[in-house]
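A.B. asks: Could you have a look at this structure, given as structure tokens, before my questions?
FYI, it's all coordinate maths here, none of it is from the lab. All values reported here derive from a predicted model rather than from experimental measurement. For neighbour counting, all protein chains shown are included, and Cβ atoms are generated from backbone atoms with ideal geometry for every residue, glycine included.
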Amino acid sequence: MSKKVLVLSEVREGSLRNVSFEAIAAAKQIADGGEVVGVLLGDAVANLTGPLFEYGADRVVTVEHPHLKQYTSDGYSQALLAVIEQEKPAGIVFGHTANGKDLSPKIASKLQAGLVSDVTTIEGAGDDIVFIRPIYSGKAFEKVKVKDGIVLASIRPNNITPLEKVDGKTGDVSAITVEITNLRTIIKEVVRKSSEGVDLSEAKVVVAGGRGVKSEEGFEPLKELADLLSGAVGASRGACDAEYCDYSLQIGQTGKVVTPDLYIAAGISGAIQHLAGMSNSKVIVAINKDPEANIFKVADYGIVGDLFEVIPLLIEEFKALKVNA
Amino acid sequence: MNIFALIKRTFDTEEKIVVSGGKIQEDGAEFIINPYDEYAIEEAIQVRDAAGGKVTVVTIGGEDAEKQLRTALAMGADEAVLINTEDDLDELDQNAAAYLLAEYLKDKDADLILTGNVAIDGGSGQVGPRVADLLDINFVTTITKLEIDGTSAKIVRDIEGDSEVIETSLPLLVTAQQGLNEPRYPSLPGIMKAKKKPLAELELDDLDIDEDDVEVKIETVDIFLPAQKAAGRILEGDLSAQVKELVNLLHTEAKVV
């Protein structure tokens, strides 16, 4: 049975995040022929709606308000609930991002609804929809169904493929006016610690360093390789604990979970907690001096060697590949 | 201050997961307090030590969860509460769990409620925000710093690597992110004292809840292990030859660059 499904889009630094397009694809599956409505909340977002149509949204609804310039659960929930009241959807898809994780449970609570979080695959369509998600830090997976009522889901970035982009596709955009009041949490300051460029959880390529990197400077060759491959730099907990890098780079059971196309683990032994954060990467390359290192058990390709010798060689080879391509 | 820490009993992080008949096998597994909830307990204790008051640790579980509650008491919490639904309910989801916790908390005049931002088994991170919504109190997720001054709170929130400095007020629910603090190990004197601290067990009746009031909205229909990866290849030859081969394989075979 076809359903109307809303997609909560996310904006970062003036443009739509990829996960918004992935969410549209997910919504299409749930909608099973029904309407997919992109929802855009913010301060001045009317000019950002184009790509939502290009990636498959049938219609877009915006709510603009100065109090939506920064995400707050009070502000965004007021705005989204107003859209929900108008649209009466049968489903809503969020990105499982920092703000998505904050907002989606509050909306689920307000709607007294089930919410399936951190979905990596969707099977079936419409009423038969089954959500697949990792549990126990990815050591296992579960299949989940919503018993009845509105279907809420948040999708893990980089796992659901967006629909093919149709350049120039447009559609109807309508705006709702909402009074956004009583923000009980005030954001005083935002400190950007993550480097500009690729976001770790959305990166297609991750170059990660472990204790073998030995120092803060040791990360330089990894950064160079990551930049060359348009990827992001990550780290094991060991490297962060040793203060070779900031904790914001940590990948693992108590850090970020990433699912890039290519994960290069340099000087990382591969403790089970680290694997939990990256084992679902499409292709894993391990570089480690120790041939017995656990990381080689999950790697598709391994080089036993000193990362400080191997990484510069890799940089040269990738540069040559780029030139020849 | 009335401070509550909501915690969950989870598998140890080292545990290998065994699945049989679509369910997780628990025999022989080691259990711990969800690591993110440990940050919550530690922070609760620190806030109490600075501002005065009482820390109550709450969990939903069976009798086995008493062990984790005693550990929290040994760390320094004052009282523990076990909400035991094993006899009354066959299943629980986040909607139901949040409902139970909110029903318990609603008349407790909580000033501050802390919990981990996510449980390492379920991995959904929903219960904290849901409880805050049911209680209609302020909440901030994934915090790495908390300063309480009277009824004002200054918080640092981690958002995918960036930090937000947030001001808000009590009553407040926060969910803990790694880096909030370093949870203490229970001391021997702490462990001895914990045996005498109050640990109350409540069932649905004690909360004035009927089975039918508890709504479970989602259900797990299967659990499975990820497909075994085919064994990888360790390259051979001199280093520069290996690197050339690797780049070639990544380009032509794996097709990821």
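A.B. asks: Can you tell me the Rg and Dmax of the stretch B:39-90, counting just the alpha carbons, in angstroms?
C.D. replies: 12.4, 41
A.B. asks: Another question about this same structure. Reported to two decimal places, what Rg/Rh ratio describes chain B when computed on Cα atoms with Rh from the Kirkwood expression?
C.D. replies: Values: Rg = 22.0 Å, Rh = 20.4 Å.
Expressed as Rg/Rh, it is 1.08.
A.B. asks: The stretch A:15-90 to the stretch B:1-55: how many Å between their Cα centroids?
C.D. replies: Going from one Cα centre to the other spans 35 Å.
A.B. asks: While we're on this one: Assign unit charges at the C-beta atoms only (+1 for Lys and Arg, -1 for Asp and Glu), then state the dipole size of the protein assembly as shown relative to its Cα centre in Debye, rounded to the nearest 20. Walk me through the numbers before you get to the answer.
C.D. replies: Values: 58 positive and 96 negative charges, 272 e Å.
Dipole magnitude for the protein assembly as shown comes out near 1300 debye.
A.B. asks: With N set to the residue count of the stretch A:120-243, report its C-alpha Rg divided by 2.2 N^0.38 Å to two decimal places.
C.D. replies: Numbers: Rg = 20.8 Å, N = 124, 2.2 N^0.38 = 13.7 Å.
This ratio for the stretch A:120-243 stands at 1.52.
A.B. asks: Give me the inter-chain shielding for B:12-19: mean count of other chain Cβ atoms within 10 Å, whole number please.
C.D. replies: Working: counts 0, 10, 3, 3, 3, 6, 2, 5.
For this peptide, the per-residue mean of nearby foreign Cβ atoms is 4.
A.B. asks: Now for a different question. Among B:Gln177, B:Gln94, B:Gln25, determine the one that fluctuates most according to a GNM of chain B built with springs between C-alpha atoms less than 10 Å apart.
C.D. replies: B:Gln25
A.B. asks: Turning to a different aspect of this structure: Can you give me the pair-distance distribution of the stretch B:17-66, C-alpha pairs, 5 Å bins, whole percents?
C.D. replies: 4, 15, 18, 18, 16, 10, 7, 6, 4, 2, 0
A.B. asks: What percentages make up the Cα-Cα pair-distance distribution of the protein assembly as shown when the bins are 10 Å wide from 0?
C.D. replies: Distribution as computed: 3, 17, 27, 27, 18, 7, 1, 0 percent.
A.B. asks: Moving on. Express as a percent, rounded to the nearest 5, the fraction of DSSP beta bridges in the stretch A:5-176 (both residues included) that run antiparallel.
C.D. replies: Around 30 percent of the beta bridges assigned by DSSP in the stretch A:5-176 are antiparallel ones.
A.B. asks: Calculated from DSSP H runs of 4 or more alone, at -39500 (n - 2.57) each and per residue, what is the 222 nm mean residue ellipticity of chain A, nearest 500?
C.D. replies: Numbers: 8 runs with 87 residues, N = 325.
-8000 deg cm²/dmol, from helical runs alone.
A.B. asks: Let me ask something additional. Among B:Gly53, B:Gly22, B:Gly116, which one shows the biggest mean-square fluctuation in a GNM of chain B, springs joining Cα atoms closer than 10 Å?
C.D. replies: B:Gly22
A.B. asks: Report for chain A the percent antiparallel among DSSP-assigned beta bridges with both residues inside it, nearest 5. Write down the numbers at each step before the final one.
C.D. replies: On the way: 10 of 56 bridges.
Among the beta bridges of chain A, antiparallel pairing accounts for roughly 20 percent.
A.B. asks: Next question, about the same structure. Where the only charges are on Cβ atoms (+1 Lys, Arg; -1 Asp, Glu), what is the dipole of the stretch A:200-324 about its Cα centre, to the nearest 20 debye? Walk me through the numbers on the way to the answer.
C.D. replies: Numbers: 11 positive and 17 negative charges, 78 e Å.
Dipole of the stretch A:200-324, to the nearest 20 debye: 380 debye.
A.B. asks: Would you mind giving the three semi-axes, in whole Å and largest first, of the ellipsoid equivalent to the stretch B:134-175 according to its Cα gyration tensor? Before the final figure, lay out the partial values.
C.D. replies: Working: eigenvalues 62, 32, 9 Å².
Listed largest to smallest, the semi-axes of the stretch B:134-175 are 18, 13, 7 Å.
A.B. asks: How high is the relative contact order of the stretch A:236-325, given as a whole-number percent (alpha carbon pairs under 8 Å, six or more residues apart)? Intermediate values should be presented prior to the final figure.
C.D. replies: Numbers: 141 pairs, mean separation 19.0, N = 90.
Normalised by residue count, the contact order of the stretch A:236-325 is 21 percent.
A.B. asks: By average Cβ neighbour count within 10 Å, what is the ranking of A:123-134, B:3-14 from highest down?
C.D. replies: Values: A:123-134: 17.7, B:3-14: 22.1.
Result, highest mean Cβ count within 10 Å first: B:3-14, A:123-134.
A.B. asks: Roughly how far apart, in whole Å, are the Cα centres of the stretch A:114-179 and the stretch A:294-311?
C.D. replies: Between the Cα centre of the stretch A:114-179 and that of the stretch A:294-311, the gap is 35 Å.
A.B. asks: For the stretch A:61-122, what is the Kirkwood estimate of the hydrodynamic radius, computed as the reciprocal of the mean inverse distance between distinct Cα atoms, to one decimal in Å? Could the numbers behind the result be given before it?
C.D. replies: Details: mean 1/r = 0.0803 Å⁻¹.
Taking the inverse mean of 1/r over all distinct Cα pairs, the stretch A:61-122 comes out at 12.4 Å.
A.B. asks: What FRET efficiency comes out for the pair A:Lys110/A:His65, r = Cβ-Cβ distance, R0 = 25 Å, nearest 0.05?
C.D. replies: Working: r = 19 Å, r/R0 = 0.75.
FRET efficiency, A:Lys110 to A:His65: 0.85.
A.B. asks: May I ask you to list the residues of the stretch A:285-312 whose amide nitrogen lies under 20 Å from a point 7 Å from Cα along the Cα→beta-carbon direction of A:Glu217?
C.D. replies: Of the residues in the stretch A:285-312, A:306-312 have backbone N under 20 Å from the label point off A:Glu217.
A.B. asks: Based on the Cα coordinates of the stretch B:150-257, what is the per residue volume of their convex hull in Å³?
C.D. replies: Values: hull volume 40.3 nm³, N = 108.
It is 374 Å³ per residue.
A.B. asks: Taking H placed 1.01 Å from N in the peptide plane, check which residues at least 5 places from B:Ile113 or on another chain put their amide H under 5 Å from its amide H.
C.D. replies: B:Phe4, B:Leu172, B:Leu173, B:Val174
A.B. asks: Please give the charge dipole size of chain A, origin at the Cα centre, charges +1 on K and R Cβ atoms and -1 on D and E Cβ atoms. Round to the nearest 20 debye. Mind showing how you got there, number by number?
C.D. replies: Values: 34 positive and 43 negative charges, 147 e Å.
Using only the charged Cβ atoms, the result is roughly 700 debye.
A.B. asks: Another question about this same structure. So what is log10(I(q)/I(0)) for the stretch A:132-172 at q = 0.18, 0.28, 0.30, 0.33 1/Å, when the Debye sum runs over its Cα atoms only?
C.D. replies: -0.78, -1.08, -1.12, -1.16
A.B. asks: Sorted from fewest to most neighbouring beta carbons within 10 Å, what does the list A:Asp148, A:Asp306, A:Asp118, A:Asp102 look like? Walk me through the intermediate numbers first.
C.D. replies: On the way: A:Asp148 11, A:Asp306 15, A:Asp118 23, A:Asp102 26.
Fewest to most other Cβ atoms nearby, the residues stand as A:Asp148, A:Asp306, A:Asp118, A:Asp102.
A.B. asks: Report the gain in length on full extension from A:Val166 to A:Glu243: 0.36 nm times residue separation, minus Cα-Cα distance, nm rounded to one decimal. The partial results should precede the final answer.
C.D. replies: On the way: separation 77, 0.36 × 77 = 27.72 nm, distance 4.56 nm.
Taking 0.36 nm per residue and subtracting the Cα distance, the gain is 23.2 nm.
A.B. asks: Using +1 at the Cβ of each Lys and Arg and -1 at the Cβ of each Asp and Glu in chain A, identify which of A:Ile30, A:Ala293, A:Leu314 lies farthest towards the dipole's positive end.
C.D. replies: After comparing all options, I get A:Ile30.
A.B. asks: What percentages, rounded to whole numbers, describe P(r) for chain A computed over all alpha carbon pairs with 20 Å bin width beginning at zero?
C.D. replies: 31, 52, 17, 0
A.B. asks: Assuming a viscosity of 0.692 mPa s and a temperature of 37 °C, what translational diffusion coefficient in µm² per second does Stokes-Einstein assign to the stretch A:200-324, Rh being the Kirkwood radius over Cα pairs? Each step should come with its number before you reach the end.
C.D. replies: On the way: Rh = 13.9 Å.
My calculation gives 237 µm²/s for D.
A.B. asks: Next question, about the same structure. Need one number: nm distance between label points at B:Lys154 and B:Ala200, each 7 Å from Cα along Cα→Cβ, rounded to one decimal.
C.D. replies: 3.6
A.B. asks: Cross-link list A:Lys139/A:Lys165; A:Lys4/A:Lys169; B:Lys67/B:Lys197; A:Lys147/B:Lys67; A:Lys88/A:Lys145: which exceed 23 angstrom alpha carbon to alpha carbon? Don't skip to the end; give the middle numbers.
C.D. replies: Numbers: A:Lys139/A:Lys165 34 Å; A:Lys4/A:Lys169 20 Å; B:Lys67/B:Lys197 13 Å; A:Lys147/B:Lys67 33 Å; A:Lys88/A:Lys145 21 Å.
Listed pairs above 23 Å: A:Lys139/A:Lys165; A:Lys147/B:Lys67.
A.B. asks: Average projected area of the Cα convex hull of the stretch B:1-120, in nm²? It would help to have the intermediate numbers written out before the result.
C.D. replies: On the way: hull surface 31.7 nm².
Here the figure is 7.9 nm², rounded to one decimal.
A.B. asks: Of all DSSP beta bridges located in the protein assembly as shown, what percent are antiparallel, nearest 5? Before the final figure, lay out each step's value.
C.D. replies: On the way: 40 of 116 bridges.
DSSP beta bridges in the protein assembly as shown are roughly 35 percent antiparallel.
A.B. asks: Also, I was wondering about something else. Could you identify which residue out of A:Arg12, A:Arg211, A:Arg156 has the top mean-square fluctuation in a GNM of chain A using Cα springs shorter than 10 Å?
C.D. replies: Taking springs between Cα atoms under 10 Å, the residue moving most is A:Arg12.
A.B. asks: Which Cα, out of B:Val18, B:Gln94, A:Gly95, lies furthest along the positive dipole direction of the protein assembly as shown (beta carbon charges, K/R +1, D/E -1)?
C.D. replies: Going by the charge dipole, the pick is A:Gly95.
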